[in-house]
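What follows is a set of notes on a single structure, which appears directly below.
The values are calculated or read from the model by the stated rules, or taken from the named source; none is laboratory data. These figures come from a predicted structure and were not determined experimentally. Note that we place each Cβ from the backbone using ideal geometry, even for glycine, and neighbour counts take in every protein chain shown.
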Amino acid sequence: MSGVNARALGHDWAQRGFSCDLWTDPPGQCWEGFVHDVDELLVPAEGVLEIEIDGDIMRPEIGQELLIPAGAVHSVRNLGGTTARWYYGYRKP
């Protein structure tokens, strides 16, 4: 998928203590105001995402890793007119 090597990403995240899964959203999907009690990593694989973390808004490039710290209020929005796919992982206890 668009420049993201899923196997390498999963291996890297596992070495760093994170899970790794793929999420798929239809055009216009928004996930608002989430808070987790563990750190989360996110890497866009396809589409146009807007990520808001504690009020800071960014539009990461495909393959760009973002860290969402534990306790941060965050939202993920598919701004594009196509399906968005992104990898996410939570720090394992």
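Couple of notes before you dig in:
- The set of residues in segment 51-60 that are under 23 Å from A6 (Cα atoms) and buried (at least 16 other Cβ atoms within 10 Å of the Cβ) comprises I51, P60.
- Restricting segment 61-93 to residues that are surrounded by fewer than 20 Cβ atoms within 10 Å (Cβ to Cβ) and of a type in the set (F, W, Y), the residue that is nearest to R7 (Cα to Cα) is Y88.
- So G17, is it loosely packed, with under 14 Cβ neighbours inside 10 Å and modelled with pLDDT under 95: no
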